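Before any comments, here is the structure.
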Ligand SMILES: [Zn+2]
């Protein structure tokens with residue numbers, strides 16, 4: 001994901017996505033998310049934005065646990081969002097986002113479908129299905 005989009009998510013949801021890398025404690029063991037950030041395409045920005053909005057709102061309004069991203073990546077063509085703490089409702093939100101990622105082009109955010117290209121699974125729209133770069 002482009003740096004500016006990652007920065008935007010970190011700024012909007014600092015409790016979920018953590019401080020900017022410069023503010024890390026160098027002696028603390030880092031999670032994959034802290035090391036690699038968002039390991040997925042720009043097309044899932046809105047999906048992650050909506051997910052984080054709802055996760056944070058659940059914490060603020062109902063006292064649900066504070067979700068902290070441990071790893072956010074693409075796997076088998078779909079989004080995977082790993083966290084240690086989450087209640088049943090928050091886990092259901094994450095599951096829904098992961099399911100929706102299989103219908104949203106990871107490149108551009110248009111409607112897409114899970115496709116297999118040379119053994120690689122990827123969710124893409126018709127324009128990006130042929131491995132097209134913009
Ligand atoms: Zn696309």
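Nothing in this text is a laboratory measurement; each read-out follows from the coordinates by a stated rule. What you see is a predicted model; the values in this text were computed from it and never measured. Glycine gets a Cβ as well: all are built from the backbone with ideal geometry, and neighbour counts include every protein chain shown.
How much length is gained if the chain between residue 70 and residue 117 is pulled fully straight, taking 0.36 nm per residue apart and subtracting their Cα-Cα distance, in nm to one decimal?
14.0 nm
I need 29, 35 ordered by Cβ neighbour count within 10 Å, fewest first. Could you put the intermediate results ahead of the total?
Numbers: 29 6, 35 11.
Placing the least packed residue first, the sequence is 29, 35.
Give me the percent of DSSP beta bridges within region 3-104 that run antiparallel, rounded to the nearest 5. List each step's numbers first, then the result.
Numbers: 6 of 8 bridges.
The answer is about 75 percent antiparallel.
Taking neighbour counts of Cβ atoms within 10 Å as a proxy for exposure, in what order, fewest first, do 60, 28 appear? Please list the in-between numbers first.
Working: 60 11, 28 8.
If I rank by nearby Cβ atoms, fewest first, I get 28, 60.
Where does each of 89-102, 108-121 land if you order them by average Cβ count within 10 Å, highest first? Working shown, then result.
Details: 89-102: 16.6, 108-121: 12.9.
My ranking of the peptides, most packed first, is 89-102, 108-121.
Give the calculated FRET efficiency between residue 62 and residue 99 to the nearest 0.05, with a Förster radius of 22 Å applied to their Cβ-Cβ distance. Intermediate results must be reported in sequence, preceding the final value.
Values: r = 23 Å, r/R0 = 1.04.
Here the calculated transfer efficiency is 0.45.
State whether region 20-119 is rounded, prolate or oblate according to the following rule on the C-alpha gyration tensor (a ≥ b ≥ c being the square roots of its eigenvalues): a/c under 1.5 gives rounded; otherwise a/b larger than b/c gives prolate, and the remaining case gives oblate.
On the way: a/c = 2.11, a/b = 1.29, b/c = 1.64.
It comes out oblate by the Cα gyration axes.
For the pair residue 12/residue 53, report the inter-label distance in nm, with labels modelled 7 Å from Cα in the Cβ direction.
Result for the modelled spin labels: 0.7 nm.
Note the full-extension length gain between residue 129 and residue 88 as 0.36 nm times their separation in residues minus their Cα-Cα distance, in nm to one decimal.
Details: separation 41, 0.36 × 41 = 14.76 nm, distance 3.49 nm.
Extra length available between residue 129 and residue 88 comes to 11.3 nm.
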